[in-house]
Amino acid sequence: MTLVSSTPLLQAARANGYAVGAFNVHTLEMLQAVVEAAEEAQAPLILQSTVGTVKHLGAEYIVSAAETAAKRASVPIALHLDHCTDFDLIVQCIRAGYTSVMIDASMFPFQENAAMTKRVVEIARAAGVNVEAELGKVGGVEDDIVVAENEALMADPDECKLFVEMTGVPTLAPAIGTAHGIYKGEPKIDFNRIQAIASQVAVPLVLHGGSGIPEEQVKRCVSLGMAKMNIATEIRIVFSDAIKAVFAQNPDENDPRKYMAPAKKAVKAAALEKIAMLGSAGRARDFR
């Protein structure tokens, strides 16, 4: 298959009560691991890269690797640019072959956020590319974007409805109490807010800060309308821990294949757990 827009993947997920796993990958091994997991589970998949990863590897390299994976896979795969505040970089990634982009203007007042989002939607629509936007502020750290806990703001359901109407954005990430990174305690998710937003907004909703949320809470979020869940920190940790374990046993190891192989295996196992949790296993059949 070729890379696909995430729009139909997420629309089908919301309509059928499951969510698509969106995994932030930073190396070829991480990309291969989550693709192998999706293949094994026969689940639709969204590969994500942060702005920092794009600057580190280059958009064209990332697109080439993702396109190769998509051609070899039997499941639908989209490639998403996560949390981007730079309009020019969004255009660059669309031109390179990304099939989904996020314009994060949530740090600006509502009207400015809407205006910036609408501009990206108009450009992306012509290329058949999905757009995700954020309303409210999700706390924590995402690449170089830091939102302090006391600055994190919940999304207002009425504003969500107006925002979608004003911008035409096909995917919305409302702030509902989750945070980027690993939680220090129990996540304080506002389930009533999710339900209220979902009752007013027909587009698929995105759950940011998916690493470390307890399974029962994830499933409840999905049942209320969350059609995409972002997973980043958790797979970075299992990837790094697997490499550390190799060097703990053999500090002189100098063959990258010897420590990347177990790291890849660990990421695949983690991705399979998330796919099962989200209910997307077997849903690749929806797109054949």
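Given a 1.4 Å probe and heavy atoms of the protein chains only, how would you sort Glu273, Glu39, largest accessible area at the top?
Numbers: Glu273 125, Glu39 55 Å².
Final ranking, largest accessible area leading: Glu273, Glu39.
Under a straight-distance cross-link criterion of Cα-Cα below 20 Å, which aspartates and glutamates are reachable from Lys258, leaving out those fewer than 8 residues away in the same chain?
Candidates past the 8-residue exclusion: Glu29, Glu36, Asp241.
Can you pull the one-decimal nm distance between simple spin-label points at Val91 and Glu215, each 7 Å off the Cα toward Cβ?
A separation of 4.7 nm, rounded to one decimal place.
Using only the Cα atoms of the chain, what do you get for the radius of gyration and for Dmax, in Å?
When restricted to Cα atoms, the chain yields Rg and Dmax of 17.9, 59 Å.
Projected onto the charge dipole of the chain (+1 at Lys/Arg Cβ, -1 at Asp/Glu Cβ, origin at the Cα centre), which of Ala266, Tyr18, Thr178 gives the Cα projection farthest towards the positive end?
Tyr18
Please give the per residue accessible area of the range 150-275, computed with a probe of 1.4 Å over protein heavy atoms only, in Å². Write down the numbers at each step before the final one.
On the way: 6040 Å² over 126 residues.
Normalised by residue count, the accessible surface of the range 150-275 is 48 Å².
Too long at a 20 Å Cα-Cα cut-off: which of Lys71/Lys219; Lys55/Lys118; Lys188/Lys219; Lys228/Lys274; Lys118/Lys219; Lys244/Lys264?
Check vs 20 Å cut-off fails for Lys71/Lys219; Lys55/Lys118; Lys118/Lys219.
List the residues, sorted by chain then number, that are 5 or more residues from His83 or on another chain and whose placed amide H is less than 5 Å from its amide H.
Counting only residues 5 or more places away or on other chains, the set is Met102.
If ligands, DNA and RNA are left out, what is the accessible area of Leu135 with a 1.4 Å probe, given in Å² to the nearest 10?
10 Å²
What FRET efficiency would be calculated for the residue pair Leu57, Ser199, taking the C-beta separation as r and a Förster radius of 35 Å, to the nearest 0.05? Provide the component values of the computation, followed by the final result.
Numbers: r = 40 Å, r/R0 = 1.15.
It comes out at approximately 0.30.
Per-residue accessible area for Asp190 at 1.4 Å probe radius, Å² rounded to 10?
About 40 Å², rounded to the nearest 10.
Among Arg193, Arg257, Arg236, what's the order by accessible area (1.4 angstrom probe), most exposed first?
Details: Arg193 65, Arg257 180, Arg236 105 Å².
The residues order as Arg257, Arg236, Arg193, largest area first.
Could you calculate the contour length gain from Met107 to Lys265, that is, 0.36 nm times the residue separation minus the distance between their Cα atoms, to one decimal place in nm?
Numbers: separation 158, 0.36 × 158 = 56.88 nm, distance 3.73 nm.
The Met107-Lys265 span can extend by a further 53.1 nm.
Under unit Cβ charges (Lys, Arg +1; Asp, Glu -1), what dipole magnitude, rounded to 20 debye, does the chain have relative to its Cα centre?
Values: 27 positive and 34 negative charges, 176 e Å.
In debye, rounded to 20, the chain gives about 840.
Could you give me the percent of Cα pairs per 5 Å distance bin for the range 1-124, shortest bin first, beginning at zero and ending with the bin that holds the maximum distance?
Computed distribution, short to long bins: 2, 11, 22, 22, 19, 14, 7, 3, 1.
Of all accessible surface on the chain at a 1.4 Å probe, what whole percent is carbon and sulfur? Before the final figure, lay out each step's value.
Numbers: 6480 of 12530 Å².
Looking at the chain in its full context, I get 52 percent from C and S.
Hey, any idea what Rg/Rh is for the range 184-288, computing Rh the Kirkwood way over Cα pairs? Kindly include the intermediate steps, with their values, before the conclusion.
Values: Rg = 17.7 Å, Rh = 16.0 Å.
Looking at the range 184-288, the ratio lands at 1.11.
Based on the Cβ-Cβ distance from Ser240 to Glu165, what FRET efficiency comes out when R0 is 30 Å, to the nearest 0.05? Don't skip to the end; give the middle numbers.
On the way: r = 43 Å, r/R0 = 1.43.
So, using R0 = 30 Å, E works out to roughly 0.10.
Pairwise over distinct Cα atoms, reciprocal of the mean inverse distance: report the Kirkwood radius of the range 9-62 in Å, one decimal place. Walk me through the numbers on the way to the answer.
On the way: mean 1/r = 0.0821 Å⁻¹.
It works out to 12.2 Å.
The values are calculated or read from the model by the stated rules, or taken from the named source; none is laboratory data. Small disclaimer: the values here were computed from a predicted structure and weren't measured. Every residue, glycine as well, gets a Cβ built from its backbone with ideal geometry; the counts of neighbours run over all protein chains shown. Only protein heavy atoms, including side chains, enter the accessible area calculation; ligands, DNA and RNA are left aside. Shrake-Rupley method; radii C 1.70, N 1.55, O 1.52, S 1.80 Å.
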